[in-house]
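Computed from the coordinates by the stated procedures, all read-outs in this text should not be read as laboratory data. Predicted model, so just to flag it, every value in this text is computed and none were measured. FYI the Cβ positions are ideal-geometry reconstructions off the backbone, even for glycines, and counts take in every protein chain you see.
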Amino acid sequence: MKYVTLNDLHAALGAKMIEFAGYNMPVLYTNLIQEHLAVRNGVGVFDVSHMGEFKLVGEKALDLIQLVTSNDASKLTDGKVQYSCLPNDNGGIVDDLLVYRYSATEYYLVVNASNIEKDWNWISQHNTFGVEMTNMSDDLSLFAVQGPDAIKVIQKLTATDLSVMEYYTFTTGSVAGCDHIIISNTGYTGAGGFELYVPNADAKKLWDALFEAGAEFGILPIGLGARDTLRLEKGFCLYGHDINDETSPIEAGLGWITKFTKPFINHEHHKAIKDAGATKKLVGFEMIDRGIPRQHYLIKDADGNTIGEVTSGTQSPSLNKGIGMGYVSAAHSKLDTEIFIEIRDKAIKAKVVKMPFL
């Protein structure tokens, strides 16, 4: 078990701690609905220091990134961020990730905590370009300050003008007297906000400053439970649920990050799926009858035939109804298609809807 720098602080705040991706992480502080709505309508802070960060430096850093990722990183300019994925050799996804461009010869990759070692080994294996790679995952803490009031909180602590930062951009500055903070605007909640990458030595100082500055806005610490319900309402994929080692980004509706304008690992496989049409597709659905869908619940048609499986599901705190994502056969993927979720041996009616849900 690994521990984030502020592990003891979260325990002192009364957080319910669970093992997640090999880390002891806060899943809940008070109440899931309260935490969820605090972010959707106000401001909350997630300690997501378990995430992984790699630095790639060298004249051919872009060449390596272009080979191992599905998106076209040549479109990035300094200070821009790109969502992408790492295709594997057998048609699935090693991980999804963010690519940060500092300069033409320096990039940061932000990867999922559960895949840090796997991703590092995968990228290293393909680094025939002489790119200098540094794993910074254990040196940085990461706070996601999310919600419509997040900008008001952070702006009190920094001279950096946050109002000019567009979605999927980043900069480096001083926040709360802590220097060399990476400030990014990517978000995994769809509620707006910023991520702050801070050296571990300054993590407590920055955390305390955020909560002092945010007191007037009712700022709350938020656990991974609400992070999951928030991202699901926005239709964001979670690795290990909606995408994995066996799913093609084309099947997952991630064709927009799969660019065939350049070669990447196993690109021919995914191009063939795109050209032929995927036989299964990731769809969003909402419950018509009362019920809460969960991962691995079977999806059936009106005749009781299994047509897929739920990958993510919850009772949406914002919509007050059951919502979910899952793979279904292409014939059942059209909007408004009636499907049934098997919950405790009962077929509960649902329908395919457009994402995001909110």
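Figures for the structure shown
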{"item": "Span from the segment 206-246 Cα centroid across to the segment 116-158 one, whole angstrom", "result": "16"}
{"item": "Normalised alpha carbon radius of gyration of segment 279-353 [divisor 2.2 N^0.38 Å]", "result": "0.94"}
{"item": "Space enclosed by the convex hull of the alpha-carbon atoms of the chain, per residue, Å³", "result": "134"}
{"item": "Candidates Phe217, Phe340, Phe129: whichever shows maximal mean-square fluctuation once the chain is modelled as a Gaussian network with Cα springs under 10 Å", "result": "Phe129"}
{"item": "Flagged links, alpha-carbon separation over 26 Å, of Lys75/Lys274; Lys274/Lys346; Lys259/Lys280", "result": "Lys274/Lys346"}
{"item": "Cα-projected label distance for Asn305 with Thr279, points at 7 Å along beta-carbon direction, nm", "result": "1.4"}
{"item": "Spin-label pair Gln155/Ala104, simplified geometry with 7 Å Cα→Cβ offset, distance in nm", "result": "3.6"}
{"item": "Within the chain, helix-based [θ] at 222 nm, where runs of 4 or more DSSP H residues each add -39,500 (n - 2.57), nearest 500", "result": "-5500 deg cm²/dmol"}
{"item": "19 Å reach of a label modelled at Glu59, 7 Å along Cα-to-Cβ, counting backbone N of segment 126-144", "result": "127-133"}
{"item": "Percent of beta bridges antiparallel (DSSP, the chain, rounded to nearest 5)", "result": "95"}
{"item": "Reciprocal mean inverse distance between Cα atoms of segment 1-130 - Kirkwood radius, Å", "result": "16.6"}
{"item": "Separation between Cα centres of segment 1-31 and segment 297-358, rounded to whole Å", "result": "32"}
{"item": "Sites Ser329 and Ser124, calculated FRET efficiency, Cβ-Cβ separation with R0 45 Å, nearest 0.05", "result": "0.75"}
{"item": "Approximate spin-label separation Lys354-Met1, in nm, with each point projected 7 Å along Cα-to-Cβ", "result": "4.6"}
{"item": "Candidates Phe260, Phe46, Phe194, ranked by Gaussian network fluctuation over the chain, Cα under 10 Å, top entry", "result": "Phe260"}
